[in-house]
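S.K.: This is the structure I want to talk about, given as structure tokens.
The values are calculated or read from the model by the stated rules, or taken from the named source; none is laboratory data. Since the structure is predicted, the reported quantities are computational estimates derived from the model, not experimental observations. Here the Cβ positions follow ideal geometry from the backbone for every residue, glycine too, while neighbour counts run over all protein chains shown.
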Amino acid sequence: MPIYEFYCPDCHALLNFFSASVDTESRPDCPRCGRERLERRPARFATPRSRPGEDGAPDGPFAGLDDARLESVMGSLADEMGSAEESEDPRTLARLLRRFGDASGLEPGPRLEEALARLEAGDDPDTIEEEMGDALDGNDDPLGELFRLRRQTKSGDRRRPPRVDDELYFL
């Protein structure tokens, strides 16, 4: 049974809502201030431990990600992945991939950004995959073309992170 995370800009807080079944459409009101239709946020599950190449850390787009937390979120997204496959709408797959990137701290590389734009336009995923595979063959860093670690903001640009409400609400 999933727990969904929503953000209330008025409270500047992240709130967790329990659902008895998979529900990717509902947008609850804030139980604290009453703001209507909160924005769904991907749960944060992976954070970089060190920079790639430092202290023997491996290089590549997944270097420094917490494997246990990454595995945990993959499990939580499993139901949505099944829904994306059944949907036959390429836009659903694009939304899921963007949510994964947001939650993991990875951003799309140039090739994946191109593929996501095509999925969002409704192009056939199989055709995109076939063309992308050909373009990535012989590339020195094929994963780097698809994913890269999200750039850190300068310390002066950082905003205060939202408060995390520890209470579990019902969706």
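S.K.: Regarding region 90-101, can at least one residue be identified that is at pLDDT 85 or above, in a helix (DSSP H, G or I) and in contact with a strand residue (DSSP E or B) (Cβ under 7 Å, 6 or more places away or on another chain)?
M.R.: No, that holds for no residue.
S.K.: Restricting to region 15-38, name every residue that is surrounded by 14 or more Cβ atoms within 10 Å (Cβ to Cβ) and polar (S, T, N, Q).
M.R.: Asn16, Ser19, Thr24
S.K.: Cβ-Cβ distance below 8 Å, separation of 6 or more or different chains: which pairs start in region 20-36 with a residue that is closer than 18 Å to Leu77 by Cα and end on one that is among the small types (Gly, Ala, Ser)?
M.R.: What qualifies is Val22/Ser83; Thr24/Ser83; Ser26/Ser19.
S.K.: Let me ask you something else. Can you tell me which residue is farthest from Ala13 (Cα to Cα) among those in region 117-162 that are at pLDDT below 85 and of a type in the set (Lys, Arg)?
M.R.: Arg148
S.K.: Another question, then. Quick one: Ala84 ticks every box in (1) modelled with pLDDT under 70; (2) out of contact with any strand residue (DSSP E or B) (no Cβ under 8 Å at 6 or more places or on another chain); (3) surrounded by fewer than 18 Cβ atoms within 10 Å (Cβ to Cβ) except a single one, so which number is it?
M.R.: Among (1) modelled with pLDDT under 70; (2) out of contact with any strand residue (DSSP E or B) (no Cβ under 8 Å at 6 or more places or on another chain); (3) surrounded by fewer than 18 Cβ atoms within 10 Å (Cβ to Cβ), the lone unmet condition for Ala84 is (3).
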